[in-house]
Amino acid sequence: MAVFSTERVTEPLGTVNTPMIALTAQGAKRSVLNDRIFDYHSGQYLVATVDLPLTSQITRATPAEPFLGFGVPLEPATVAQLLLEATPATAGSHVGPGIATSDADERLLDALVRLLRLLDDPRDIPVLAPAVRREIHWRLLNGPQAALVRQIGLADSRMVLVARAISWIKAHYDRVIRIEDLADEVSMSVSSLNRHFRAVTAMSPLQYQKQIRLQKARIQLIAAPHDVAAIGYAVGYESPSQFSREYRRMFGAPPGQDAARLQTAAIVQE
């Protein structure tokens, strides 16, 4: 579980979001997937079921009312076990990307708050936390995003197949990737891979790779803003000019200038 608080609105910063539920307890936050915007405020949560390159920022926070939020990882094995043991509420098919926002009902909020309160006594965590995390998964499987969440527990679902493709891309993000090789790796046809990958992530596999490269480069540049060419090579670009051009297109400023600005700005990571 991750807990985050800040008194200031933050600059957008990209990261690769792992499968999780992220609840906003106070304030507001925005996460962007390619060209899709997800805003969620107090009492709402964001659920992501695959690793996604998001650009996130806190959009409402003050010293009097700081932003408060916390996240809990989603566990495919727990979802699969619950689907075997019980019958969740009927859920239709999910046709959108592997991310969504919803209002949290009282039962889900109660479970999340009980998990958070376990931090008051760390001795309770190994004994009580597993049951509460299991309950959180159950509440999600019976909530408005049930169709999305149940996909991560089904071995042959498109979400699981795309997750395998994503893992392969992340392991080879700094190399030239052939779509045919990626399709073979996940036992799909090229056309099926492209169709399902875009449906889940809102981008193509090569666009996903580009976002991973540029987001990793951005993080490295915050620590070393003068090593633009070296960082470009490290994330897989053979041409410094291409790296700078694509970086500027994504973040709105050249690498060195953007990194210098981020060093003095408030930033947030998912």
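Is one or more of the residues making up segment 19-30 over 28 Å from Trp168 (Cβ atoms), under 15 Å from the mean Cα position of the chain (by Cα), in a strand (DSSP E or B) and of a type in the set (Lys, Arg)? Looking for residues that are over 28 Å from Trp168 (Cβ atoms), under 15 Å from the mean Cα position of the chain (by Cα), in a strand (DSSP E or B) and of a type in the set (Lys, Arg), one finds at least one in segment 19-30, hence yes. Between Val132, Val160, Val190, Val200, the distinction of being in contact with a helix residue (DSSP H, G or I) (Cβ under 6 Å, 6 or more places away or on another chain) and touching a residue at least 60 places away in the same chain (Cβ under 8 Å) belongs to Val200 only.
To keep it simple, each residue is scored yes or no on (1) assigned to a strand (DSSP E or B); (2) in contact (Cβ under 8 Å) with a residue 60 or more places away in the chain; (3) touching a helix residue (DSSP H, G or I) at 6+ places or on another chain (Cβ under 8 Å); (4) not hydroxyl-bearing (Ser, Thr, Tyr).
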| residue | (1), (2), (3), (4) |
| --- | --- |
| Phe38 | yes, yes, no, yes |
| Tyr45 | yes, yes, yes, no |
| Thr59 | yes, no, no, no |
| Pro88 | no, yes, yes, yes |
| Ser102 | yes, no, no, no |
| Arg107 | no, no, yes, yes |
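Among Leu262, Leu182, which is the only one that is buried (at least 19 other Cβ atoms within 10 Å of the Cβ), farther than 19 Å from Thr18 by Cβ and touching an Asp or Glu at 6+ places or on another chain (Cβ under 9 Å)?
From the options Leu262, Leu182, the qualifying one is Leu262.
Of all the numbered requirements in (1) at pLDDT 95 or above; (2) surrounded by fewer than 21 Cβ atoms within 10 Å (Cβ to Cβ); (3) of a type outside the set (A, V, I, L, M), Tyr208 misses one, and that requirement is (2). Restrict the check to segment 116-135 and report whether at least one residue is of a type in the set (A, V, I, L, M, F, W, C), part of a helix (DSSP H, G or I) and either in contact with a strand residue (DSSP E or B) (Cβ under 8 Å, 6 or more places away or on another chain) or closer than 27 Å to Pro205 by Cβ (or both). Yes, segment 116-135 contains at least one residue that is of a type in the set (A, V, I, L, M, F, W, C), part of a helix (DSSP H, G or I) and either in contact with a strand residue (DSSP E or B) (Cβ under 8 Å, 6 or more places away or on another chain) or closer than 27 Å to Pro205 by Cβ (or both).
When you look at Ala104, is it in contact with a strand residue (DSSP E or B) (Cβ under 6 Å, 6 or more places away or on another chain), under 23 Å from Ala2 (Cβ atoms) and either among the acidic types (Asp, Glu) or at pLDDT 95 or above (or both), yes or no?
yes
One line per residue, one yes/no per condition, for (1) within 30 Å of Thr49 (Cβ to Cβ); (2) small (Gly, Ala, Ser):
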position: Asn194; (1), (2): yes, no
position: Gln209; (1), (2): yes, no
position: Ile212; (1), (2): yes, no
position: Gln215; (1), (2): yes, no
position: Gln220; (1), (2): yes, no
position: Ala224; (1), (2): no, yes
position: Tyr233; (1), (2): no, no
position: Glu238; (1), (2): no, no
position: Gln242; (1), (2): no, no
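Among the residues of segment 173-194, those that are of a type outside the set (A, V, I, L, M, F, W, C) and either touching a strand residue (DSSP E or B) at 6+ places or on another chain (Cβ under 9 Å) or not in a loop (DSSP other than H, G, I, E, B) (or both) comprise Glu180, Asp181, Asp184, Glu185, Ser191, Ser192, Asn194.
The values are calculated or read from the model by the stated rules, or taken from the named source; none is laboratory data. Just so it is clear, the model here is predicted, and its values are computed rather than measured. Because the Cβ atoms are built from the backbone with ideal geometry, glycine has one as well, and the counts that use them run over all protein chains shown.
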